[in-house]
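A.B. asks: For reference, the structure I am asking about is given below.
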Amino acid sequence: MKNAILSAHGKTIELEFPMVMGIINVTEDSFYSKSRVNSIEEFKKKVDQQLKDGVDIIDIGGQSTRPGSERISAKVELERILPALSWLKKEHPYVWVSIDTYHSEVAKASIENGSDIINDISFGLDDENMINEIINHDITYIGMHKQGNPETMQDSPKYENVVQEVYNFLIERKNTFSNKGVKNVWLDPGFGFGKTLNQNYQLLNNLQTLKDLDPNILIGVSRKSMIHKYLQILPEDSLNGTTALNMVALLNGANILRVHDVKEARECVKLFKQLKQS
């Protein structure tokens, strides 16, 4: 199978080994408090630390999508995102930047201000205009699977066969986007988004099934409830569990790890690389 590809604004990277995407939330209510920043100065410090730790991609989120979260408007999201995005592209133009949004209006403005990646938890279903806004732009699009909406998605998720249903959805949606002309689409199974604890582990354990269908796979398990609820600890204490599952994801085919803790994820990728080269 061919290697995964990142492409945007005339630049292309073929991923021989996995990359690390660092999360920075310009929000007040994301589930992990240490991922939040409340000012542009805090954002700058967070960026500097992630760059020091070896981040490949910085993912900026302007809206919490944790279970039970409330939606905000595209206008409010843009007010949070654009100052951070503009500063980052000006001061660190070589860094790949992802914007975590399902609003087409936010995607459009973000791309116009230099974003390389749009990271959409709804795979274009929460805003039907998303595909039309990105279709003529040279960017990478990441589409995720979720069942239901963040407000209620964890109330009672149901599947007959979670692996088959989630992975069929991802491939079908990718084909829809590709057939419309979106050139580079990535897939995210959406751990914690409308899945029970056991369903999350079924998806992770069968990730190679998705890898056999498509090379472009992003995994985000960082400090999620599938770790801290099972271990009966807090998200703040979930780094060790995150690292363990990140290595499982890499062994099963993940190409990008989306994480809160860049240094530890970079070490995980480095060990994975040594394992593969040996």
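One line per residue, one yes/no per condition, for (1) within 17 Å of residue 246 (Cα to Cα); (2) in contact (Cβ under 8 Å) with a residue 60 or more places away in the chain:
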| site | (1), (2) |
| --- | --- |
| 184 | no, yes |
| 195 | no, no |
| 201 | yes, no |
| 226 | yes, no |
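A.B. asks: Within segment 90-109, take every residue that is among the hydroxyl-bearing types (Ser, Thr, Tyr) and under 13 Å from residue 8 (Cα atoms) and give me the one that is surrounded by the fewest Cβ atoms within 10 Å (Cβ to Cβ).
C.D. replies: Filtering segment 90-109 for residues that are among the hydroxyl-bearing types (Ser, Thr, Tyr) and under 13 Å from residue 8 (Cα atoms), the one surrounded by the fewest Cβ atoms within 10 Å (Cβ to Cβ) comes out as 94.
A.B. asks: While we're on this one: Looking at residue 248, is it part of a helix (DSSP H, G or I), under 24 Å from residue 142 (Cβ atoms) and not small (Gly, Ala, Ser)?
C.D. replies: Yes, satisfied.
A.B. asks: Determine whether residue 203 is aliphatic (A, V, I, L, M) and buried (at least 19 other Cβ atoms within 10 Å of the Cβ).
C.D. replies: Yes; evaluated as a whole, the condition is true for this residue.
A.B. asks: Report yes if some residue within segment 15-32 is modelled with pLDDT of 90 or more, of a type outside the set (A, V, I, L, M) and either surrounded by fewer than 19 Cβ atoms within 10 Å (Cβ to Cβ) or in a helix (DSSP H, G or I) (or both); otherwise report no.
C.D. replies: For segment 15-32, residues modelled with pLDDT of 90 or more, of a type outside the set (A, V, I, L, M) and either surrounded by fewer than 19 Cβ atoms within 10 Å (Cβ to Cβ) or in a helix (DSSP H, G or I) (or both): present.
A.B. asks: Residue 278 versus (1) more than 16 Å from the chain's Cα centre (by Cα); (2) within 24 Å of residue 53 (Cβ to Cβ): which is the lone unmet condition?
C.D. replies: The single condition residue 278 does not satisfy is (2).
A.B. asks: Would you check if residue 135 is at pLDDT below 95 and at negative phi?
C.D. replies: Judged against the criteria, residue 135 is a match.
A.B. asks: Looking at 141, 167, 201, which one is farther than 26 Å from residue 5 by Cα and modelled with pLDDT of 95 or more?
C.D. replies: 201
A.B. asks: From the residues in segment 154-193 that are crowded, with 18+ Cβ neighbours inside 10 Å and among the small types (Gly, Ala, Ser), which one is farthest from the chain's Cα centre (by Cα)?
C.D. replies: Looking at the filtered set, the residue picked out is 192.
A.B. asks: Restricting segment 99-152 to residues that are among the aromatic types (Phe, Trp, Tyr) and not in a strand (DSSP E or B), which is nearest to residue 81 (Cα to Cα)?
C.D. replies: 102
A.B. asks: What do you reckon, is residue 61 modelled with pLDDT of 85 or more and of a type in the set (Gly, Ala, Ser)?
C.D. replies: Yes: the conditions hold for residue 61.
The values are calculated or read from the model by the stated rules, or taken from the named source; none is laboratory data. A quick note: this is a predicted structure, and the numbers were derived from the prediction, not measured. Cβ coordinates were reconstructed from backbone atoms using ideal geometry, including for glycine residues, and neighbour counts include every protein chain displayed.
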